[in-house]
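Data first, discussion second: the structure below is written as structure tokens.
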């Protein structure tokens, strides 16, 4: 029996979106993930840095979920919808293949 193809999806977002991101994961039945809070950084194209400082006070959170390939497209569609609500807040997702798990 073949195992389903798995993908790693890394989502990084302004902490203001935490409840919405968690809602999307719950609604899609994506139960397992790892979450990091107080993540600092800046986008590669535009947007303000999120550094948690006086000058750049906003801060990010990030989630890594390993999911079936069949769910990736819907998850990315949801990320786009969240981003379109308020471009200034910021959310991005990145996907790569999972070749082995133990």
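The values are calculated or read from the model by the stated rules, or taken from the named source; none is laboratory data. Keep in mind that what you see is a predicted model, and the values were worked out from it rather than measured. Note that we place each Cβ from the backbone using ideal geometry, even for glycine, and neighbour counts take in every protein chain shown.
Modelled with pLDDT of 95 or more and under 25 Å from residue 38 (Cβ atoms): which single residue out of 73, 61 fits that description?
61
I need every pair where a residue in the stretch 25-47 that is at positive phi has its Cβ under 6 Å from the Cβ of a residue that is surrounded by 10 or more Cβ atoms within 10 Å (Cβ to Cβ), sequence separation at least 6 or different chains.
Listed pairs, sorted by first residue: 38/59; 47/90.
Being under 12 Å from residue 8 (Cα atoms) and without any contact (Cβ under 8 Å) to a residue 60 or more places away in the chain is the filter here; which residues of the stretch 77-102 pass it?
Across the stretch 77-102, the qualifying residues are 99, 100.
For residues that are more than 18 Å from residue 31 (Cα to Cα) and over 13 Å from the mean Cα position of the chain (by Cα), tally how many sit in the stretch 51-88.
Residues in the stretch 51-88 being more than 18 Å from residue 31 (Cα to Cα) and over 13 Å from the mean Cα position of the chain (by Cα): 14 in total.
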